[in-house]
Amino acid sequence: MERKVRVLVAKPGLDGHDRGAKVVASALRDAGMEVIYTGLHQTPEMIVEAAVQEDVDVIGLSILSGAHMTLFPRVLELLKRKGVDDVLVIGGGIIPQSDVDQLRKLGIARIFGPGSPTIEIADYLKEWFKSSSRAQV
Amino acid sequence: MEDMEKIKEAKKKWKEKYEKSSQQRDALFQSISAEPLEMLYAPDDIERMDYSRDLGFPGEYPFTRGIRDNMYRGRLWTMRQFSGFGSAMDSNRRYHFLLERGQTGLSVAFHLPTIMGYDSDHPRAEGEVGRCGVAIDSLEDMEVLFDRIPLDKVSTSMTINAPASILLAFYICVAEKQGVSSEKISGTIQNDILKEYIAQKSWIFPPGPSIRIITDIMAFCSEHVPQWNTISISGYHIREAGSTAAQELAFTLADGFAYVEAGIRAGLDVDRFAPRLSFFFNSHIDFFEEIAKYRAARRIWAREMKEKYGAKRKESLLLRFHTQTAGCSLTAQQPENNIVRTAYEALAAVLGGTQSLHTNSMDETLALPSEKAVQVALRTQQIIAFETGVPDTIDPLAGSYYVEAMTNRIEKRAYEYFEKIERLGGVIKAIERGFFQKEISDAAYRYQREIERKKRIIVGVNEYVVENEKIEIPILMIDPEVERVQVARVRALRTRRDNDLVKRRLESLKNAARGTDNLMPHIVEAARAHATLGEMIDVLKAVFGEYKEIPIF
């Protein structure tokens with residue numbers, strides 16, 4: 001029996017736009033996942049702390065303020081420092097294509113931009129989880 | 001008068017005949033707010049309407065048809081594009097660009113650190129400086145922002161909430177340096193903290209102290225800045241967060257009533273502060289629903305101000321509003337389509353009688369507006385104003401069976417919400433219980449599900465999609481150098497200024513915050529001494545504390 005995928009939906013930085021993050025959180029919950037929503041105004045430190053404490057499989061970062069090139073890499077760096085190497089990190093929000101390519105290189109698995117169907121996000125996470133090492137735990 | 005019974009009979013027959021035989025498209029036939037729409041509206045849908053009681057004439061109670069007797073015949077709405085990015089110099093350049101192209105009022109977008117009360121060199125500001133608005137840390141930045149802009153001739157709206165008192169103080173000081181007294185400046189600060197807790201989420205302090213700051217500003221402005229709108233009671237953000245039109249209307253007006261009550265509790269005369277309350281609504285893509293919303297808003301506000309709050313002056317009853325076309329209706333896919341969406345939304349706002357209008361640029365789902373995109377957005381307003389003929393007759397849709405029925409219905413929905421809010425103990429209690437936030441996130445989720453199930457078509461997104469499309473419009477990029485320069489600038493300011501004076505000013509601000517003195521004069525003094533925004537906010541945070549939200553979804 002496969003256990004539920006555990007997802008942390010997080011809002012890094014000062015950005016207060018939470019409509020997308022909440023819609024995604026609700027959709028993933030309805031798709032059968034365990035979802036923890038951090039709330040707003042999270043620092044990368046707070047996000048990684050929550051991810052480790054909650055022992056999540058996935059971190060979803062939502063940002064619309066343009067600060068993603070500072071904050072997303074910081075999250076990845078902190079995960080690395082804590083020795084967390086099996087958690088999937090995805091993102092969404094307002095992120096130009098040129099930055100998407102750079103973020104993928106740094107380790108963000110996928111960016112779901114405006115218009116992404118939540119069902120696509122849910123399916124992607126389920127697929128990934130099936131073959132991930134975390135599913136065995 | 002035609003026999004209403006005959007019409008009802010004929011309509012019934014028509015319905016029976018066509019409902020049986022006509023084909024029907026596979027669509028929801030509900031407004032974007034899930035309000036069911038009849039195929040047809042006829043006289044019987046508004047049979048109980050009384051022209052004099054429910055509509056009246058423009059500039060006369062209940063103001064359904066417009067707040068001024070001559071509306072756009074007398075003066076067009078203000079064309080006021082929300083704008084700001086990078087450094088104060090970058091934004092000043094853009095403001096001149098917009099004014100030269102025919103904009104008639106300014107509207108300032110601040111970057112997130114300013115909005116949240118941090119200076120650009122604060123650790124929390126890293127990566128955020130100048131990205132979604134202009135970086136303003138001090139009076140010096142403000143002076144650059146308004147360089148060569150005469151503040152006695154141009155009115156300015158500032159989208160700022162928790163730190164609104166400080167930005168107002170900066171503005172007053174800049175005007176002063178131009179030789180323009182505070183009595184002569186005109187503009188608006190958004191300063192609507194209740195909707196921050198509900199939707200925009202750029203709070204700093206808890207509700208109690210936040211309301212105190214607002215009533216201090218109201219009192220100060222009624223004495224010293226009489227042409228200033230002290231609050232822009234907003235529904236825009238509530239709608240952007242996903243609410244329905246009825247929720248936008250109801251929650252905004254409920255917030256408005258809460259401010260009126262706060263002003264009265266603070267001992268202010270309603271007829272002194274109410275004329276300077278203003279509103280800010282969204283204009284979403286469901287055309288007629290929006291027009292109905294604005295008309296209902298005017299009628300409800302006038303009625304309640306008169307009957308519930310006992311306002312005697314006509315000016316206290318007028319719901320004056322700014323409108324922004326719906327950012328959340330725009331798509332990242334095929335961005336040129338957004339020009340069309342914005343045009344329809346702008347038209348709805350004009351047909352609804354707005355006093356001021358911002359039209360979104362086509363690229364706003366991708367970045368802040370480029371010069372090319374914002375020019376088109378401004379031209380959209382100018383074409384409505386000068387080519388369509390729409391502004392030349394007041395409230396042209398009045399009497400439409402559909403529009404009047406929709407106006408009545410959304411008014412009814414608003415009152416249903418007022419009752420709910422009352423039963424919860426008022427706006428602040430309802431906020432604490434997450435009432436508004438849950439309504440909004442439920443509505444947003446319902447809407448998303450409609451789209452994903454293709455019950456509602458979004459052109460270019462779930463239908464008429466172009467695979468692998470290339471973005472062929474210029475995209476504004478913020479140079480990371482902006483942050484480096486601004487950080488250095490604010491640090492240099494702190495070494496150049498009279499730090500003893502700043503210390504004394506901050507100390508007296510702290511004492512005022514602890515006591516009951518009006519905060520504004522202390523903030524103005526501190527601003528003049530070049531205390532930074534972050535420093536003043538830190539003083540207030542230490543006294544008032546910080547708000548923490550319990551997140552729900």
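Laid out as a table, the results:
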read-out: Output for segment A:67-95, where each listed residue is more than 12 Å from chain B (Cβ to nearest Cβ) and assigned to a loop (DSSP other than H, G, I, E, B); value: A:82, A:83, A:84, A:85, A:86, A:87
read-out: Scope segment B:479-525; condition free of Cβ contacts under 8 Å to residues at least 60 places away in the same chain and outside any helix (DSSP H, G or I); matching residues; value: B:480, B:497, B:498, B:515, B:516, B:517
read-out: Residue check, residue B:350 farther than 23 Å from residue A:65 by Cα, touching a residue at least 12 places away in the same chain (Cβ under 8 Å) and either more than 14 Å from every other protein chain (Cβ to nearest Cβ) or in contact with a Cys (Cβ under 7 Å, 6 or more places away or on another chain) (or both); value: yes
read-out: Hey, residue B:361 of a type in the set (S, T, N, Q) and crowded, with 24+ Cβ neighbours inside 10 Å or not; value: yes
read-out: Top-ranked residue of segment A:40-66 - restricted to ones that are part of a loop (DSSP other than H, G, I, E, B) and within 17 Å of residue A:95 (Cβ to Cβ), ranked as nearest to the other protein chains (Cβ to nearest Cβ); value: A:66
read-out: Per-region count, segment B:316-340, residues in a helix (DSSP H, G or I) and either in contact with a Pro (Cβ under 6 Å, 6 or more places away or on another chain) or within 14 Å of chain A (Cβ to nearest Cβ) (or both); value: 6
read-out: Residue count for segment A:1-28, restricted to those that are facing chain B (nearest Cβ under 8 Å), over 18 Å from residue A:108 (Cβ atoms) and more than 13 Å from the chain's Cα centre (by Cα); value: 8
read-out: Residues within segment B:94-126 that are more than 20 Å from the chain's Cα centre (by Cα), in a loop (DSSP other than H, G, I, E, B), surrounded by fewer than 24 Cβ atoms within 10 Å (Cβ to Cβ) and more than 9 Å from chain A (Cβ to nearest Cβ), tallied; value: 4
read-out: Any hit, segment B:177-186, residues being within 22 Å of residue B:368 (Cα to Cα), crowded, with 23+ Cβ neighbours inside 10 Å and at pLDDT 95 or above; value: no
read-out: Some residue of segment B:456-470 being more than 28 Å from the chain's Cα centre (by Cα), in a helix (DSSP H, G or I) and under 27 Å from residue A:18 (Cα atoms); value: no
read-out: Selection within segment B:131-171 - of a type in the set (A, V, I, L, M, F, W, C), in a loop (DSSP other than H, G, I, E, B), away from chain A (no Cβ under 14 Å) and farther than 19 Å from residue B:483 by Cβ; value: B:146, B:149, B:151, B:154
read-out: Where residue A:98 falls short, out of the listed (1) without any contact (Cβ under 8 Å) to a residue 24 or more places away in the chain; (2) more than 14 Å from chain B (Cβ to nearest Cβ); (3) assigned to a helix (DSSP H, G or I); value: (2)
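Here is a yes/no grid of residues against (1) outside any helix (DSSP H, G or I); (2) over 30 Å from residue B:49 (Cβ atoms); (3) assigned by TED's automatic domain parsing to the domain that holds residue B:130; (4) not acidic (Asp, Glu):
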| residue | (1), (2), (3), (4) |
| --- | --- |
| B:360 | yes, yes, yes, yes |
| B:363 | yes, yes, yes, no |
| B:378 | no, yes, yes, yes |
| B:418 | no, no, yes, yes |
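The values are calculated or read from the model by the stated rules, or taken from the named source; none is laboratory data. These figures come from a predicted structure and were not determined experimentally. Virtual Cβ from ideal backbone geometry, glycine too; neighbours counted across all protein chains shown.
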